Structures are given as C-alpha cells and as structure tokens.
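Report on the following structure.
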Amino acid sequence: MPIKYLSYLLIAILIWAFNTIVSKLSAGVIEPGAISFDRWFLAALVMTPFLAKKTWQNRAIARQYFFKIAVFSMLGMVIFQSLAYYAAASTTATNMGLIGSLMPLTTLLLSTLILRERPTPALIVGTLLSIIGILILISKGAPLDLLHHGVVKGDLLMLLGTVAYGLYCVLLRKWPVPLPPWQMVYLQISLAALMLFPLFLLSPTSPLTAQNLPLVLYAGLLSSIAASFFWMRGVVHLGANRAMLLMNLLPILVALIAVVTIGEQLHAYHALGGLITLAGVLLAEAPKLLRPPVSVSRQKRA
C-alpha cells in the first residue's frame, strides 16, 4: 500500500474527525440552519470558478439526471450534515463519532434491500453486535433504562443522519451518473445550498462572528472540499475496500480529539459500546474487505 496514497486517505479521515468537533462547537454559537447553509454556499462559491464552465458544458447530462443528483444532495449533504448540527446540541462529539461508525453497516444493510444483495452470515451477526454496542452507548451502559427514559434526541438524530448517508451511498451505486466526479460533487453542493436556503431564512438570525466564522470556514473549505479531494485521490489508487477499512479509524480519532480539544470524558460504556459496535461493523464488512481491491474513480463523504 503506497504511503503517499495511504496518507491521502488518512488526511481526509482526520479532517472529517475534526469536523465532528466543529459540529459540536457550533452548538450555541451559530444556528444549525445557518451553518448548514453557510457551509455549502461557501463551498459552492469557491468551486464555481473552477467547475462552473465545465459543468455547464455537460448541462444536457445534468438535466437528464437532475432528479437523481438532487436526491444525492438531499441525502448526503442536506439531511446527514444538517441532522449532525442539530444533534450536537444534545449529544457529545464522542457519541456522534461512534454512531457515525455505523455508516458502512447501514450501507451494507440497505444494499441487501435496495440492490437485492444476499445478506451474508457475517452481515447478520455483525448487525446484531452493532445494535448491542449502540444500545450500550446511547443508554450509557444501561440498555434497560431506555424503556423508561428513551433515547437522547441528539443520538436519535445522528442515527437518522447515518441511515440517510447509508442510503446515499447505496443510491450512488444504483443510479450511476455519467459525469466527472468533481462535477458531480459541485452539482450536489450547489443544490444543497439551494435546498437549505429556506431553512436558513426560517432559522433565528445568526450572523457570522469571530467565534463562529472559523467553524464555517473549516466545514465549507476543509471538510467539504479538501477532504473530498484527498479521499477521492486515495480511493482511485487504493480501492474502495481499503478506504472503507481505514474509515473505521474515524470514531476512534473523534473520541481522542474530543478529549484533548473540548474536554469530553470517556467512560467505560464508551469503550465497551464502541468496541462492540466496531467489531460488528468489521465483521459485517469482512466478506467485502477480503475481496481483491478494485480501483474506482468516484468515492465521496460530505
């Protein structure tokens, strides 16, 4: 595995790990509806000089596949990331990272339903393990308490966002769009900004300040553009299977960064629930990860 391309993937994962911290830090300093729109509007603005002309030249293709591109944008950027900003108000960055680790598993589960892929025994057992792990996590080690107190709103929103992103990944395979990867990304980002504009208008006024501007810049430039660049470059050369294996580092990095940067505390239930969840995800992915690596030219995470 060439170190150069491995480093591309690790840089992307590290940027996304810090973005979870950014999402948590945004709670209380900028409205979720505002940062959701500001992030994608900024990314679209920066990308326009480089991609608008070439994308316009492919407008016939974009028009033909407009509905599918709009669905991609809604699931992967509007719903997933917006729910993460709303979730940050009532859950921890550590929980967000650990719940987000279910993305590969939700993608596999939805593939069995939508793409008619036959579930493997590893997928079934891995799913059960991951459910147990998440129950331990969101109940703080006492799953039976969920019967009396329910689930924390932020954890539930993060779970819904993770399912939305899993559906996004599956539909990318089911509905291939014959556009270059960056043009696809640009169209999805632009549509996300348009779709989020009404939410921005309806949200309480939340002007940019010295406190929240760095968060918007990080989310709009580093997480939306830079991380996508490094991720796609790494996937092209190392294949999707290796890339998704490395993605399992994300919740671990989020937890460590959250402890160091914002003072979150790790508890035994984080370790137990997280390990069981990750074990389930890795077990479910095992059949896919053991296949010979296939180089692909299009992979992307918001």
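Some points to look at:
- The condition of being surrounded by fewer than 21 Cβ atoms within 10 Å (Cβ to Cβ) and of a type in the set (A, V, I, L, M) holds for only one of 272, 215, 191, that being 272.
- Flag if residue 73 is buried (at least 21 other Cβ atoms within 10 Å of the Cβ), more than 24 Å from residue 178 (Cα to Cα), among the polar types (S, T, N, Q) and modelled with pLDDT of 95 or more: no
- Filter result (within 18 Å of residue 100 (Cα to Cα), in a helix (DSSP H, G or I) and modelled with pLDDT under 90) within the range 138-167: 138
- Verdict on residue 99 being part of a helix (DSSP H, G or I), surrounded by fewer than 24 Cβ atoms within 10 Å (Cβ to Cβ) and not hydroxyl-bearing (Ser, Thr, Tyr): no
- Some residue of the range 241-260 being modelled with pLDDT under 90, at positive phi and assigned to a loop (DSSP other than H, G, I, E, B): no
- Candidate set from the range 261-273 (those that are farther than 19 Å from residue 102 by Cα and in a helix (DSSP H, G or I)); member that is farthest from the chain's Cα centre (by Cα): 268
- Residues that are closer than 15 Å to residue 285 by Cβ, touching a residue at least 60 places away in the same chain (Cβ under 8 Å) and surrounded by fewer than 16 Cβ atoms within 10 Å (Cβ to Cβ) within the range 102-127 comprise just one, 125.
- Residue count, the range 171-183 (criterion: touching a residue at least 60 places away in the same chain (Cβ under 8 Å) and either crowded, with 22+ Cβ neighbours inside 10 Å or not in a helix (DSSP H, G or I) (or both)): 5
- Residue in the range 97-111 that is more than 18 Å from residue 163 (Cα to Cα) and over 17 Å from the mean Cα position of the chain (by Cα) present: no
- Residue pairs whose Cβ atoms lie under 8 Å apart, sitting 6 or more positions apart in sequence or on different chains, and linking a residue in the range 58-76 that is closer than 27 Å to residue 162 by Cα to a partner that is surrounded by 15 or more Cβ atoms within 10 Å (Cβ to Cβ) and aromatic (Phe, Trp, Tyr), are 72/168; 75/165; 75/168; 76/165; 76/168.
- Applying the set (1) within 30 Å of residue 52 (Cα to Cα); (2) modelled with pLDDT under 95 to residue 291 leaves exactly one unmet item: (1).
- Answer residue from the range 10-56, given it is of a type in the set (A, V, I, L, M) and not in a helix (DSSP H, G or I) and is nearest to residue 200 (Cα to Cα) among those: 30
The values are calculated or read from the model by the stated rules, or taken from the named source; none is laboratory data. This structure is a prediction, so every number in the text was calculated from the model and none was measured. Methodologically, a virtual Cβ is constructed for each residue, glycine included, from the backbone with ideal geometry; neighbour enumeration extends over all protein chains shown.
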